Structures are given as structure tokens and as C-alpha cells.
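Enquirer: Structure provided below as C-alpha cells; questions to follow.
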Amino acid sequence: MLEIKNLTKIYDDGTVALKDVSFNVEEGEFLVIIGLSGSGKSTLLRCINRLIEPTEGRIIWNGRDITHIKGDELRHIRREIGMIFQHFNLVKRSSVLKNVMAGRLGYTSTATSVFNRFSEKDKEKAIKVIDRLDIEDQTHKRADELSGGQQQRVGIARALMQDPKMILADEPVASLDPVLAHSILLNLEKLNQEDKMTVICSLHYLDLVQRYASRVIGLREGEIVYEGMKSDVVAMTDEQFKEVYGQEAERVGSGLEGSLGH
Amino acid sequence: MNKQNMKAKEPQKPSLVPPWLASILSAIIPGLGQFLARAYTRGIIILASFASIAGLLGWRIYEKGRRYVEIKTIIEKAYKLSPILLIITIFLVLLYLWIIADAYFTARKSNKGSRSYGAGLLFFILAILFLLGWQIGDIDMGDFFSQADDALPTIGRLMWPWEKAIERPEDILTITADIISPCQDIEVPVAEALEIDPYVIITPTCGDPTEVDGTPGTEFHLVGGNFMTGQEIEIWWKDPNGNEFRQRQGGEYIKVMPDENGSFELDIIMPYRLVTTTVENENRIWEIQARQLLSVGDAQLSEEFKLAIEKMIETIIIGMMATLFGVILSIPISFLAARNLMSQNLLTKIIYYFVRTILNVIRSIEPLIWAIIATIIVGLGPFAGIIALTVHSIAALAKLYSEAIESIDTGPIEAIHATGANWIQTIVYAVIPQIIPPFVSFTIYRWDINIRMSTVIGFVGGGGIGFLLQQWIRLLDYRSAGIAVWFIAITVMILDYVSAEIRERYK
């Protein structure tokens, strides 16, 4: 479904964020990218939907090279790829509904969207998506009145409005407490398993990785240092863990599982 | 962390001079001893403050005794005129001695490797400076309290001016009687008293005016009746040329209060008046008038009150127009002054700094000064006020707006981009919702300031109520001025409340 070939990203200030990264993503996978902050996870995710321009390498989406496409073509690819963020990136002063509707912008003409006119079909869709994520009571509240977990659900709702084939999740639970982290990841898991959406998600906690990932890629200083399937991750030793996270890393939150009953 | 601790504990280096020498050096140049005792800042502060206190004191003494030549007399006169200067001089001498002593102890402490603290000395220096400030500021509390008494009636008129807000239309009742001058053969009959209508009777009916050399003219007996009671009657003359004038007798205008029946009696000497004539000894008719001021009709709002309302409206309009123009012009400028938008390349950076500098310069000039400049261009009136406030508003709003743009959260922009939205959609959905609330809030705030400002901009000719207020104050018409002050206060209070409410909503 997605092929990343020899991807390299060097920022203007000379920082090498990604070094010759290559991997494939199959349809229906729940691919988790692990790595320390600054290891290139965010850059990698943003290269996939071209929010960041890669310096070298190629991105192949469903057999089509999208590395250099522009304009409408690029926007049409982007709307097939939903994205959720660590800090939710909602427009805080707009209502939940308006934030969710924004996910439909890629399908709406400029003129109608400027005047906030969406088709009835889109509105019905928004209500359905909001219902599905259990935030229907919040529909008309301002986004910044919601709790962190609710805000992230709005973020997911916005992504779902795009009818995405794939979801990119950039540390979706890093700003949330462990209970909410599970609930958000369960949402993603449901999308992955019931709707067959491909998910690429960057995560910090090994425990969450072991619980949700179907495959794992480990990044360190912009290079892939680990690749394994779910079974490998569950059996991952501290040594391998340190390979990715460096010598100082330790397993954090190993006590979470018990407290959450998972 | 460790390094800092070590630095704090590091012992003071020993003084470069022994304590006694430090004292002597500080006696020659205050602070030099401390400086050489390695208390560098202390030495500099002592020298600077001693020099400035001595300099200021010298200047004030010279100011007070500037009419004298000899230094001794100047000082004597200054102390006599302003005894506080003598106290300051004594304090300065004490300070000098303290500095010498301080130099000794500072040097000794430095030698022992510790630091000395100079809070007492600093406090003393500040006390002397404030004492000087009292003298330079010409502060005289006695004046304030003794003269406040005299000002009370005026302030009272300012504080409660409403008597002037209402007036009754008035009419002048004029009753006349004729006098022939000089006397002729033809007798003019003496008028008779009327039953209901007001009347005046003058006897005799002819006579001669006062001569230019002061020879008094004929004395007349004036009787009047049926006038309004309780209202003074003024006596006027109309000479044969038709000029009306009020007669003075003993330096005072002649006036009389009618009795309870509305009657009066009065003796009048015919006044001197230069009368031009074409025919010699022609019979000339003079007219004597008894005038009484009568109120007719209902009370109504006074002219001043109406004028104040008109000008208050004009003031609010000035503020609104200036805000409107300010907003329209500052929005495009604010984008040029936003760092995050303008840091793409060298050219945009140059534009950014250029725009910012100009805005800073414009903002640092007060609207009152802009109003003076504007009156030079377009003359006195509200337009000058609008120009002045617009210029200042552009500078102030562009800065506030550009800061709102700079503080935009880029997260939503990225997120909207990721949905496949184009750039117009991104601006409409991710940028505008973020900048509208601060823009509205800043605009309302500016509107508030502009209306406040427009009340005083009239003082320099910018139109509005300030213009009126300044005129009334100059004419010593404190009642009318009081009305204007009340209007300004009420408007500003309402505005304050409204703008706070709106801004609260757009937080």
C-alpha cells in the first residue's frame, strides 16, 4: 500500500532527520514507530503526506509515486490519509462540529467552504462520526472546553471525515494520561480492525506498543534500527529495547497493565 | 549550579589601598576610596549620586538667588527664600562625611575578605534626592490647603453645573416716556397712571441734559406702576439719534426694585450725551425707558447643554471614524509587521524591520501632537482630530494585530493542510478563527481609547467636546465647563463598561 524508498530528510539548518529510510506498509497493518524524541518519527510521518518535503528518496502510494506531485493531485492524496497529532491541533475557539467538518475541506469547493456551507450528506456524516466517538454531547461546545481525551477524539473524528484509507498518528497519546491513552488507542484499533484502515502510529511506551502494534519499526537518529512483528515485540528483551531507546532507557509504566486490567 | 555557588563563596579580594588612604581618597573624590577598595559599583554609584546631588543643589541655590552677583549673597538669599535648601546642604555635608567613613570600613572589610553592604548609605542618598525633588517640584502643601478654600466655589460649579443646563426664555418689558430737550413753548402733557398695564410717568416732560463740563442737567422724577414684583427694573435712555444706553449714577448702573404693588419712584438727573444734529436748537425727543426682564414660557434645555450634547456626539464620531480608518489601514500593515510571516527571506526581513521602526516612531508621538500637526494641514475641526487619532491607531493596532498573528498556533494550520484543504481554506479554517478574537478585542480596546482621547484632542483644535471645554474654561464659564466634564465622565464610564464586557466575551 505504501512504499518508502531510501527516504532522507535534511533540514535547512543541516539537521539530518531521516537517513536512507526504507520500508513497506501493507493494507490493514497497525504499524507502530518507536524511538526517542528527535529520532525522526514526526518527520517520517509528515513526509508520508508531504507536510514536509523529503530531501531524497521516494514515496509510493498505492503504486503511484507521490514524492513530487503538487496542487490538486497532492490534496487528493492528502485527503486519503487522515492524520492525528500529539497536541490535537484543533482550532481551539471553533466548535467541535466545525473542527470535525474541517476534515471534509478536501472534498469541498473553496467558495462553498469559505461561507461554511457543507452538503447535507457531509453534515449527516459528521453527526455519525461524532456519535461513533462518543462526543455527541460536546458537538456545539468550543474545542478548548473539552478534556484532552475528548479533544483527541475530535481529532480522530476530523480525520475520519476524510474517508481515509490510512491514518497517521503522531504520538497521539503522549499528552494524555494512561487511561485515556488506552481509550484513544482502542479507538484506533477498532478503526484498524473493523474498518480495515491502515494505521501508522508513533508511540513512546513499550507497553502500549506490545498491546496494539501488529508490526514495529524502531528509529534512532533517523535510521531504522529495529523491525519486528507483534510476536517479536511481545518477546522484546530489555537489550533490544535499549538498542532503540539508548542505554539510559528503561521500561516505563510496566505497572500500567495491571492497573488498567488489560 | 556548583560553579555559581563557588562564585558566591569566593572571598573578596583585598583592597588596593589601606583603609586610612581610602578615607582620604574619598574625601578628595567621593567614591574613589570605595572604588580602589574593589567595591567598584559602589564607588561609581557614590560618585554619581554625590555629584548629581551637589550639582542639583548648586543649580537650585543659583535659581533662587540669581538676581544677586556675589556668591555669598546668592547663598544667603537662597537659604532665606527656601530654607529647605539649607537642610539639604547640611545633609550633603553629612553624606560627605558618611562617604569618607564608608570608604574606611569598605576597605577594611575588603581586606578581611568579606563584602560590606551599603543599604543605609543608599537610603540616605535617596532621601536627599527626594528632598531635592520636593524643592524642585515647588511642592507647597500649605498653598494647596489654603487656596483650595478659595477654589471651592469654582469647583462647586464644575461639580454641579446643572443650573446652567436649564433656562427659561426671557423677554424684556420696555415702558417708555418722552422728554423734549431743550424746553419749548409747546407743553408735552404729563402721562397718566394706567389701571392694569405697566406705565411710567416722568415729570417734568422737558429739560436739559448734563453739560460736557459737568454742569448737572434737569432732575426728573420718575414714577412707575403695574410692573412685575421681585424683578429689578433697569433705567435706559434713548437719545434723539436713536442710540440706547444705560445711565450710570455714582458709578453704578441705575436700577430699582419695584415694591409689592409693582410700583417705584426714582429721581434721575438727565445724563450727558454727545448728540449730533443738523439743525441748531431743533426740538429733540429723548426717551427714558424702564426695562424689566421677564421670563415667559416653560423651562427648556439651555444652549450650552444642547451644544455640549452636539459636541459629545461629534467626539464619539471622531473616535469611531478614527478607529474605523485605523482598523482598515492597520490590518494590511500588521501582516507586514508579523515576524513569523516576514522571516522568509532577506527582503521580507528588511520590510519587517522597516515597518516596525516606523510604527514605533509613530506610536511614540502622542495623539495630541499628531492633532497639532493635523490642524496645520486641514485646519481646526473634527477632521484634524480624526486624522490624529487614525495615525496613532494605525501604529498601535498594527503592533497589537501583528503580535496576535505572531502568536498563532501552527498546529491547526498543519492539521487543516493535512486534510487536503487548499491555502484559502486553510486561512479561513485555521488562521482566521485564531486571529478574530484578539483582533476584535484589540479593536474595541482601541475604540475605547480613541473616544477617550478625542475628548481632549479638542484642546489643541481637533474638534469635539474638548474644544468647547477649553473655550468655556478660558471664559471662566465653569458651569458650562462642568456640563462638558460630566458628559465626558459619563461617556467614558459607559464605554469602559461596554468595552470590558465585549472584550471579556472575546477572550
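Enquirer: Could you please give the count of residues in segment A:105-117 that are surrounded by fewer than 17 Cβ atoms within 10 Å (Cβ to Cβ) and either under 19 Å from A:V91 (Cβ atoms) or at pLDDT 90 or above (or both)? Explain how you work it out, then say what you get.
Expert: First pass over segment A:105-117, keeping only residues surrounded by fewer than 17 Cβ atoms within 10 Å (Cβ to Cβ): A:109-112, A:114-117.
Restricting the remaining residues to those that are either under 19 Å from A:V91 (Cβ atoms) or at pLDDT 90 or above (or both) gives A:110, A:112, A:114-117.
So the answer is 6.
Residue by residue, here is whether (1) of a type in the set (G, A, S); (2) within 27 Å of A:K123 (Cβ to Cβ); (3) under 18 Å from the mean Cα position of the chain (by Cα) holds:
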residue: A:E136; (1), (2), (3): no, yes, no
residue: A:T139; (1), (2), (3): no, yes, no
residue: A:D144; (1), (2), (3): no, yes, no
residue: A:G149; (1), (2), (3): yes, yes, yes
residue: A:Q152; (1), (2), (3): no, yes, yes
residue: A:M161; (1), (2), (3): no, yes, yes
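Enquirer: So which pairs qualify, if the first residue must be in segment B:182-195 and within 20 Å of B:N226 (Cβ to Cβ), the second must be outside any loop (DSSP other than H, G, I, E, B), the Cβ gap must be under 7 Å, and the two must be at least 6 apart or on different chains?
Expert: Final answer for the pair search is B:V190/B:I201; B:V190/B:T203; B:A191/B:A177; B:A191/B:Y199; B:A191/B:I201; B:A193/B:Y199; B:A193/B:I201; B:A193/B:G225.
Enquirer: Which residue pairs have Cβ atoms under 8 Å apart, sit 6 or more places apart or on different chains, and have a first residue in segment B:410-429 that is more than 7 Å from chain A (Cβ to nearest Cβ) and a second that is not aliphatic (A, V, I, L, M)?
Expert: Once the first residue is more than 7 Å from chain A (Cβ to nearest Cβ) and sits in segment B:410-429, its partners that are not aliphatic (A, V, I, L, M) give B:I413/B:T426; B:T426/B:H417.
Enquirer: Within segment B:101-123, how many residues turn out to be closer than 14 Å to B:R42 by Cα and buried (at least 17 other Cβ atoms within 10 Å of the Cβ)?
Expert: 10
Enquirer: How about segment B:57-72: which of its residues are touching a residue at least 12 places away in the same chain (Cβ under 8 Å) and either surrounded by 18 or more Cβ atoms within 10 Å (Cβ to Cβ) or outside any helix (DSSP H, G or I) (or both)?
Expert: B:L57, B:R60, B:I61, B:K64, B:G65
Enquirer: Let me ask something additional. Mind checking which residues of segment B:124-156 are among the β-branched types (V, I, T), under 23 Å from B:A78 (Cβ atoms) and within 24 Å of the chain's Cα centre (by Cα)?
Expert: Filtering segment B:124-156 for residues among the β-branched types (V, I, T) gives B:125, B:128, B:136, B:139, B:154-155.
Within this subset, residues satisfying the condition of being under 23 Å from B:A78 (Cβ atoms) are B:125, B:128, B:136, B:139.
Once the filter is applied, which keeps residues that are among the β-branched types (V, I, T), under 23 Å from B:A78 (Cβ atoms) and within 24 Å of the chain's Cα centre (by Cα), segment B:124-156 yields B:I136, B:I139.
Enquirer: Continuing with the same structure: In segment A:125-152, what count of residues is obtained for those that are more than 12 Å from every other protein chain (Cβ to nearest Cβ), of a type in the set (G, A, S) and part of a helix (DSSP H, G or I)?
Expert: Qualifying residue count, segment A:125-152: 3.
Enquirer: Of all residues being within 30 Å of A:L176 (Cβ to Cβ) and either more than 7 Å from chain B (Cβ to nearest Cβ) or part of a loop (DSSP other than H, G, I, E, B) (or both) in segment A:102-112, which is nearest to the chain's Cα centre (by Cα)? Just the residue, please. Break it down stepwise before answering.
Expert: Taking segment A:102-112 and keeping what is within 30 Å of A:L176 (Cβ to Cβ), we get A:102-107.
Cutting the leftovers down to either more than 7 Å from chain B (Cβ to nearest Cβ) or part of a loop (DSSP other than H, G, I, E, B) (or both) gives us A:104, A:107.
Values: A:R104: 18, A:Y107: 21 Å.
Among those residues, the one meeting the criterion is A:R104.
Enquirer: Any idea which of B:A396, B:A404, B:A337 is within 14 Å of chain A (Cβ to nearest Cβ) and within 30 Å of A:S94 (Cα to Cα)? Working first, answer last.
Expert: Values: B:A396 fails: within 14 Å of chain A (Cβ to nearest Cβ); B:A337 fails: within 14 Å of chain A (Cβ to nearest Cβ).
The conditions single out B:A404.
Enquirer: For residues in segment A:153-180 being surrounded by fewer than 20 Cβ atoms within 10 Å (Cβ to Cβ) and of a type in the set (A, V, I, L, M, F, W, C), which is farthest from the other protein chains (Cβ to nearest Cβ)?
Expert: Result: A:V179.
Enquirer: Do we have B:L476 as more than 9 Å from chain A (Cβ to nearest Cβ), at positive phi and of a type in the set (A, V, I, L, M, F, W, C) here? Full working, then the answer.
Expert: Details: more than 9 Å from chain A (Cβ to nearest Cβ): yes; at positive phi: yes; of a type in the set (A, V, I, L, M, F, W, C): yes.
For B:L476, the condition - more than 9 Å from chain A (Cβ to nearest Cβ), at positive phi and of a type in the set (A, V, I, L, M, F, W, C) - is met.
Enquirer: Here is a follow-up. Among the residues of segment B:193-204, write down those that are touching a strand residue (DSSP E or B) at 6+ places or on another chain (Cβ under 8 Å) and either among the hydrophobic types (A, V, I, L, M, F, W, C) or closer than 19 Å to B:W286 by Cα (or both). First the steps, then the outcome.
Expert: So the first thing to find is which residues in segment B:193-204 are touching a strand residue (DSSP E or B) at 6+ places or on another chain (Cβ under 8 Å), and the list is B:193-194, B:198-204.
Matches in segment B:193-204: B:A193, B:L194, B:Y199, B:V200, B:I201, B:I202, B:T203, B:P204.
Enquirer: On to the next question. Would you please name the residue that is modelled with the lowest pLDDT, looking only at residues in segment B:131-170 that are of a type in the set (D, E, K, R) and part of a loop (DSSP other than H, G, I, E, B)?
Expert: Checking each candidate, the answer is B:R168.
Enquirer: Of a type in the set (D, E) and part of a loop (DSSP other than H, G, I, E, B): is that true of B:E287 in this structure? Steps first, answer last, please.
Expert: Details: of a type in the set (D, E): yes; part of a loop (DSSP other than H, G, I, E, B): no.
So B:E287 does not fit the description; no.
Enquirer: Identify the single condition in (1) part of a strand (DSSP E or B); (2) on the phi > 0 side of the Ramachandran plot that A:L168 does not satisfy, given that it satisfies every other one.
Expert: For A:L168, the exception is condition (2).
Enquirer: Taking A:L191, is it within 28 Å of A:S22 (Cβ to Cβ), buried (at least 22 other Cβ atoms within 10 Å of the Cβ) and either assigned by TED's automatic domain parsing to the domain that holds A:D134 or not basic (K, R) (or both)? Don't jump to the end; show me each part of the working.
Expert: Working: within 28 Å of A:S22 (Cβ to Cβ): yes; buried (at least 22 other Cβ atoms within 10 Å of the Cβ): no; either assigned by TED's automatic domain parsing to the domain that holds A:D134 or not basic (K, R) (or both): yes.
Considered against the rule, which asks whether it is within 28 Å of A:S22 (Cβ to Cβ), buried (at least 22 other Cβ atoms within 10 Å of the Cβ) and either assigned by TED's automatic domain parsing to the domain that holds A:D134 or not basic (K, R) (or both), A:L191 comes out as no.
Enquirer: Additional query: For segment A:113-124, which residues satisfy the criterion of being assigned to a helix (DSSP H, G or I) and more than 10 Å from every other protein chain (Cβ to nearest Cβ)? Show your work before the answer.
Expert: Of segment A:113-124, the ones assigned to a helix (DSSP H, G or I) are A:113-114, A:120-124.
Residues satisfying the conditions are A:E120, A:K121, A:D122, A:K123, A:E124.
Enquirer: Same structure again: Looking at B:R291, B:R339, which one is in contact with a helix residue (DSSP H, G or I) (Cβ under 8 Å, 6 or more places away or on another chain) and either in contact (Cβ under 8 Å) with a residue 12 or more places away in the chain or surrounded by 17 or more Cβ atoms within 10 Å (Cβ to Cβ) (or both)? Working first, answer last.
Expert: Numbers: B:R291 fails: in contact with a helix residue (DSSP H, G or I) (Cβ under 8 Å, 6 or more places away or on another chain).
One residue alone meets the criteria, B:R339.
Enquirer: In segment A:1-40, how many are surrounded by fewer than 13 Cβ atoms within 10 Å (Cβ to Cβ), assigned to a strand (DSSP E or B) and either touching a helix residue (DSSP H, G or I) at 6+ places or on another chain (Cβ under 9 Å) or not assigned by TED's automatic domain parsing to the domain that holds A:G228 (or both)?
Expert: 0
Enquirer: I'd like to check something: does segment B:360-379 contain any residue that is part of a helix (DSSP H, G or I), in contact with an Asp or Glu (Cβ under 9 Å, 6 or more places away or on another chain), farther than 18 Å from B:I436 by Cβ and in the same structural domain as B:I313 (by TED's automatic domain parsing)? It would help to see each step written out before you state the result.
Expert: First, the residues of segment B:360-379 that are part of a helix (DSSP H, G or I): B:360-364, B:367-378.
Among the residues that remain, those that are also in contact with an Asp or Glu (Cβ under 9 Å, 6 or more places away or on another chain) are: none.
Scanning segment B:360-379 turns up no residue that is part of a helix (DSSP H, G or I), in contact with an Asp or Glu (Cβ under 9 Å, 6 or more places away or on another chain), farther than 18 Å from B:I436 by Cβ and in the same structural domain as B:I313 (by TED's automatic domain parsing).
Enquirer: If you go through segment A:172-189, how many residues are in a loop (DSSP other than H, G, I, E, B), of a type in the set (G, A, S) and within 14 Å of A:C201 (Cβ to Cβ)?
Expert: So in segment A:172-189, the residues in a loop (DSSP other than H, G, I, E, B) come out as A:172-177.
Among the residues that remain, those that are also of a type in the set (G, A, S) are: A:174-175.
Then keep just the ones that are within 14 Å of A:C201 (Cβ to Cβ); that gives A:174.
Result for segment A:172-189: 1.
Enquirer: If we keep just the residues of segment A:43-76 that are part of a helix (DSSP H, G or I) and under 30 Å from A:T139 (Cβ atoms), which is nearest to the other protein chains (Cβ to nearest Cβ)? Spell out how you get there, then give the answer.
Expert: Step one: filter segment A:43-76 for residues part of a helix (DSSP H, G or I), giving A:43-48, A:71-76.
Going one step further and asking which of them are under 30 Å from A:T139 (Cβ atoms), we end up with A:45-46, A:75-76.
On the way: A:L45: 10, A:R46: 8, A:R75: 4, A:H76: 7 Å.
This residue is A:R75.
Enquirer: Of these, A:N99, A:N89, which one is facing chain B (nearest Cβ under 8 Å) and polar (S, T, N, Q)? If you could, list the steps in order and put the result at the bottom.
Expert: Working: A:N99 fails: facing chain B (nearest Cβ under 8 Å).
Among A:N99, A:N89, only A:N89 is facing chain B (nearest Cβ under 8 Å) and polar (S, T, N, Q).
Enquirer: Moving on to the next point. Being in contact with a Lys or Arg (Cβ under 6 Å, 6 or more places away or on another chain) and over 18 Å from B:L266 (Cβ atoms) is the filter; apply it to segment B:192-243 and report the residue that is surrounded by the most Cβ atoms within 10 Å (Cβ to Cβ).
Expert: Looking at residues that are in contact with a Lys or Arg (Cβ under 6 Å, 6 or more places away or on another chain) and over 18 Å from B:L266 (Cβ atoms), I get B:D239.
Enquirer: Another question, if that's okay. Given (1) without any contact (Cβ under 8 Å) to a residue 12 or more places away in the chain; (2) within 27 Å of A:V199 (Cβ to Cβ); (3) assigned by TED's automatic domain parsing to the domain that holds A:Q150, where does A:E73 come up short, assuming only one miss?
Expert: (3)
The values are calculated or read from the model by the stated rules, or taken from the named source; none is laboratory data. Quick caveat, the model's predicted, so the values are computed rather than measured. As a convention, Cβ positions derive from the backbone with ideal geometry for all residues, glycine included, and neighbour counts pool all protein chains shown.
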